[in-house]
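What follows is one structure encoded as structure tokens, with my remarks underneath.
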There are 6 protein chains.
Amino acid sequence: ERDKYENNDVAGVVTGLAWTRVGGDILFIESILSKGKGQLSMTGNLGKVMKESATIALEYIKSNADMLGIDPNVFEKYNVHVHVPEGATPKDGPSAGITMLTSLVSLFTQRKVKKSIAMTGEITLRGKVLPVGGIKEKILAAKRARIKEILLCEDNKRDIDEINPEYLKGLTFHYVKDMSDVLDLALTKEKVKNAKKL
Amino acid sequence: ERDKYENNDVAGVVTGLAWTRVGGDILFIESILSKGKGQLSMTGNLGKVMKESATIALEYIKSNADMLGIDPNVFEKYNVHVHVPEGATPKDGPSAGITMLTSLVSLFTQRKVKKSIAMTGEITLRGKVLPVGGIKEKILAAKRARIKEILLCEDNKRDIDEINPEYLKGLTFHYVKDMSDVLDLALTKEKVKNAKKL
Amino acid sequence: ERDKYENNDVAGVVTGLAWTRVGGDILFIESILSKGKGQLSMTGNLGKVMKESATIALEYIKSNADMLGIDPNVFEKYNVHVHVPEGATPKDGPSAGITMLTSLVSLFTQRKVKKSIAMTGEITLRGKVLPVGGIKEKILAAKRARIKEILLCEDNKRDIDEINPEYLKGLTFHYVKDMSDVLDLALTKEKVKNAKKL
Amino acid sequence: ERDKYENNDVAGVVTGLAWTRVGGDILFIESILSKGKGQLSMTGNLGKVMKESATIALEYIKSNADMLGIDPNVFEKYNVHVHVPEGATPKDGPSAGITMLTSLVSLFTQRKVKKSIAMTGEITLRGKVLPVGGIKEKILAAKRARIKEILLCEDNKRDIDEINPEYLKGLTFHYVKDMSDVLDLALTKEKVKNAKKL
Amino acid sequence: ERDKYENNDVAGVVTGLAWTRVGGDILFIESILSKGKGQLSMTGNLGKVMKESATIALEYIKSNADMLGIDPNVFEKYNVHVHVPEGATPKDGPSAGITMLTSLVSLFTQRKVKKSIAMTGEITLRGKVLPVGGIKEKILAAKRARIKEILLCEDNKRDIDEINPEYLKGLTFHYVKDMSDVLDLALTKEKVKNAKKL
Amino acid sequence: ERDKYENNDVAGVVTGLAWTRVGGDILFIESILSKGKGQLSMTGNLGKVMKESATIALEYIKSNADMLGIDPNVFEKYNVHVHVPEGATPKDGPSAGITMLTSLVSLFTQRKVKKSIAMTGEITLRGKVLPVGGIKEKILAAKRARIKEILLCEDNKRDIDEINPEYLKGLTFHYVKDMSDVLDLALTKEKVKNAKKL
Ligand SMILES: [Ca+2]
Ligand SMILES: [Ca+2]
Ligand SMILES: [Ca+2]
Ligand SMILES: [Ca+2]
Ligand SMILES: [Ca+2]
Ligand SMILES: [Ca+2]
Ligand SMILES: [Ca+2]
Ligand SMILES: [Ca+2]
Ligand SMILES: [Ca+2]
Ligand SMILES: [Ca+2]
Ligand SMILES: [Ca+2]
Ligand SMILES: [Ca+2]
């Protein structure tokens, strides 16, 4: 039995879409801050490439802090920890990139993540979003998990076009090219309840 | 021959339930503090995922110190060491998560752990408890070891419902959703004898 | 389907040519700076030799900062991160050397990279450019991706001479011996829009 | 041919019992201090679990320094090195735990180790002693090596009860539950000759 | 097709002789300094033993700085990077030792390397030169590459004596016992053009 | 063809006896000091156990500095590098222990090593010398290399007694129990020429 969407309304928690040996699934990216000196750590039985996604997201955020409205001193006063449940499942690949980016920007801005949304896509350092595989399986898993809106790279539109529209009922798709598209669509302007003062 | 429950009345010592190649068993999570600079070390022949559980528990505690009534300066003045006897047995998997969390919160608050209780469940960074496998074998081992109360994720209730009630006599089950449920049920308000002043 | 050339007009983004198991392809080297203490980090599923290329490029730049018009204090105030999309593809070998050099010099000088240009070649610490393999496949990929100008080591001219001129229509070749040739040909005198003040 | 017991009268040198592919044997745990900053290093061709025993022993000692009469500043002014001859033999497992604990407490207190005594048993962080395997082979080796007294976990008494009493002549057994039992039985109140002032 | 000798007239660039699976070849050792704290780094797809040669050379130089006319403060103010093109070829073994020593002494003294010279030989910490293998293949490669003078360990003279003198025409051999012989023969008294002030 | 004894008259250079797949051989332990902060590094294609021997020797020396007449401040002002030629030969095992100890004590005291002497034996932290294997092969190699005196553990006397006395002509054997025996026999009272002032 597969996971159900819960909610994204804690800062730093974002729903992604994964493609595993046993089919599509949703996953959660969870990030938290603790006092520290800017170290990034990760757990969740993650492979090298998936860990690289978190590094790329954090480097992008650091380099574009002004544009994102983040005080750059924050990076030197806190450690960031990124976790991806469930520990028994090995996870790898670049497709959680935009989910990680959204999680970290939510964390550093304490902005609320939009409800019922999930996403999948690789990120690049210069801010582009790249297409990923397993789209059909991921979409079916999203539906089962009661996701309403999905963010994908615009180059993945062709994958959606090949799916029987019957299966897509009740889902809204947003196609993105750049990280700024992702953040505009996935984050609300509102802060989370009990937002941390960073 | 399997282990017997002893007691949880030292701060930082908590009984967990494990599922090994040779069946269910109980295990103990033992944590201690020594003067230091906030390093976390682990022993007990632990695999990568089980080590990650201790990291997740500590990161969660650091990020929620206020809520848990822990002075955040403690994290910078002490090192934490977590050990899981018995060294000859390799151990892995995420199911000791709530046991580790309970151990570390008991350690940092010096609160006493409830008597005759054992537990099994994965933890997430945002404070959820996830279900784990091997429930039947773990429950039988708990009974043999004279455990009286067991903490499980509410999603593991279905596993208990499938067990012949005959086998469950004398056991009380508590189903939990969040870390706060775990801590409410597993820790007493009382401090341990000779509690450390942190 | 293969990548298309986009543009090189962000500082630190340069188009290279790669030769993979499935034929030639273009790739992008992306570099960014963030406040730090001179550390070099890399992502993109890179093998040991490809990582060495970034190290060689950075060491060369540090040792020749004056000649390149770079304030040497920059190296101690910023961290450099180099990424090569796409994370799912393992990449290795020395042939991205001149692309990495160009990326890093563009980053440290904020000079604009020439439009529609791509390159491939190994670098040495003393500033020479060495020939690389897979030239035919790389050239065909460059054409498909709408590259107009290509930088190669002069020792790779013989590889171009063996290709049917039909295939080379619309491509201009520049043969280089030294790093300074590469930088003269690949970087414009102009700074990028919104150039960072380093 | 097997080792002979020599003596334990240097601080930090304690005789243990080992069970190897070629039968039982005695081994020596040797520890020394040198000026430093509290680092623990180990040699002797030791496996991961055996190294963990030294870590557990040291963490236990640090956390219980008061009870053991050790000035906690010592841990920050000295490095500890633990060696187990003979380098050509790979060694692993948790059974040298109480031997390592005794060695380190002797080292930090400069108390003399009792003559003609050897021991085997796993340690836990909360101070319990756990039973170990290979008891029969270890006892025979102890006798050949002219050991007179042996310390074992009380749960290993059943293993002794199964040995032909003929083989046990001249040996005295002490069964222990806790680390404090071990230290009471293995260390004298006397300091070694030329005791170091720590 | 094999490499051609170019020149050694940049400080820190020296020609060596290598013996690979596909026969003899020449190689270049390239070293540069950048501001730093005395770290030694290496690139060029080097194996453990070849990396050790650079370490031995640097340790020898540090320990004999006075004799070599090098201000010992230099070692704490600069990092040294040693590279051996070509990255696609894995390289190992101790035979580049004297080439690395010559490269580093040239770098730290800014003395010019003699023209048209190449060398091969293992170094020791006490300053001896040891014989190496593959002499015949290396000599033939040197000739093809237009080398004029070759430095070898005196114990390799017997290998030269077994080669048909026909093949040796145009080559001058220098047999060395100690590092000081190497440096006397390989380095000129002159500094390189634009010598760095260290 | 095997190595010849040269001389031990540089501080830190001592002749040992090795037993390799191709028979016995002599080897040299070479140690040097450079300004630093007390780090120990090693080269020479050494395995884990052989590296441990150098660590044990250095820890023993640090802990017994007074007895050995060494100013303990030396350990914090210098780095020690130990090398064992020849890099192409992998080396391992504990038998170079007394050779490494002698090398390091010679280095730190600048005392001259005795002429024409070689040695083999394992060391322990408490200062004992343990017997080693391959004695016959090592002795024959020593003779071929023109060694005159040999230091062995007293427990290796039985191995010498089994060798045809014919083969032992011209060799003097010294049997040792403790490190102090080794140092008394191997080091002269004299300092080396141009002794370093530490
Ligand atoms: Ca799942
Ligand atoms: Ca995803
Ligand atoms: Ca058990
Ligand atoms: Ca558990
Ligand atoms: Ca591609
Ligand atoms: Ca390229
Ligand atoms: Ca033995
Ligand atoms: Ca033992
Ligand atoms: Ca070549
Ligand atoms: Ca060479
Ligand atoms: Ca030899
Ligand atoms: Ca030896």
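Taken together, the values in this text are just the output of simple stated rules run on the coordinates, not laboratory data. This one's a predicted model, so the numbers in the text were calculated from it and none came from an experiment. Positions of Cβ are backbone-derived with ideal geometry, glycine not excepted, and every protein chain shown enters the neighbour counts.
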Legend entry - Listed residues F:Ser31, F:Ser103, F:Ser63, most fluctuating in chain F (Gaussian network, C-alpha, under 10 Å): F:Ser63
Legend entry - D:His174, C:His81 arranged by Cβ crowding within 10 Å, fewest neighbours leading: D:His174, C:His81
Legend entry - Top positive-direction residue, dipole computed over the stretch E:6-85 with Cβ charges, set E:Gly16, E:Ser63, E:Ser41: E:Ser41
Inset, instruction - Find, among the residues of chain D, the one whose Cβ sits nearest the axis of the rotation taking D to E; state the distance in whole Å. - result: D:Lys37, 11
Legend entry - Partner chain coverage, peptide E:23-34 - average Cβ within 10 angstrom: 3
Inset, instruction - Output the Cα-based Rg and Dmax of the protein assembly as shown in Å, rounding Rg to one decimal and Dmax to a whole number. - result: 33.7, 97
Inset, instruction - Give me a single rounded figure for A:68-77: the average over its residues of other chain Cβ atoms within 10 Å of their Cβ. - result: 1
Legend entry - Ranked list, fewest to most other Cβ atoms within 10 Å of each Cβ, for D:Ser116, E:Ser95, D:Ser106: D:Ser116, D:Ser106, E:Ser95
Legend entry - For chain C, built as a Gaussian network whose Cα springs stay under 10 Å, the top-fluctuating residue of C:Phe108, C:Phe173, C:Phe28: C:Phe173
Legend entry - Peptide-level mean, for A:129-138, of C-beta atoms on other protein chains within 10 Å: 1
Inset, instruction - Could you pull the Cα extents of the stretch E:74-198 along its three principal axes, largest to smallest, in whole Å? - result: 49, 33, 29
Inset, instruction - Mind telling me which of E:Arg158, E:Arg21, E:Arg146 comes out most flexible in a GNM of chain E, alpha-carbon contacts under 10 Å? - result: E:Arg21
Legend entry - Label-to-label distance, nm, for residues given as E:Leu185 and F:Asn164 (7 Å Cα→Cβ offset): 4.3 nm
Inset, instruction - Find the eigenvalues of the gyration tensor of the Cα atoms of the stretch F:44-111, then list the square roots of 5 times those eigenvalues as equivalent ellipsoid semi-axes, largest first, in whole angstrom. - result: 23, 12, 10
Inset, instruction - Just check the stretch B:104-146 against the gyration tensor rule for me: Cα atoms, a ≥ b ≥ c as the square roots of the eigenvalues, rounded for a/c under 1.5, and otherwise prolate or oblate depending on whether a/b exceeds b/c. - result: oblate
Inset, instruction - Distances from B:Lys37 to the same position in the other copies: list them in nm, one decimal, shortest first, using label points 7 Å from Cα along Cα→Cβ. - result: 0.6, 0.6, 1.1, 1.1, 1.2
Legend entry - C-alpha long axis of helix C:97-109 to longest principal axis of chain C, angle in °: 40 degrees
Legend entry - Magnitude of the charge dipole, chain F, Cβ model with Lys/Arg +1 and Asp/Glu -1, debye to 20: 580 debye
Inset, instruction - Could you calculate, for the stretch E:139-198, the ratio of the Cα radius of gyration to the Kirkwood radius, expressed as Rg to Rh? - result: 1.09
Inset, instruction - Give me the percent of DSSP beta bridges within chain C that run antiparallel, rounded to the nearest 5. - result: 60 percent
Legend entry - chain A - percent relative contact order, Cα under 8 Å, separation 6 or more: 27 percent
Legend entry - Computed helical MRE - 222 nm, the protein assembly as shown, DSSP H runs ≥ 4 contributing -39500 (n - 2.57), nearest 500: -8500 deg cm²/dmol
Legend entry - Inter-site label distance for B:Asp9 and F:Val22 at 7 Å from Cα along Cβ, in nm: 7.0 nm
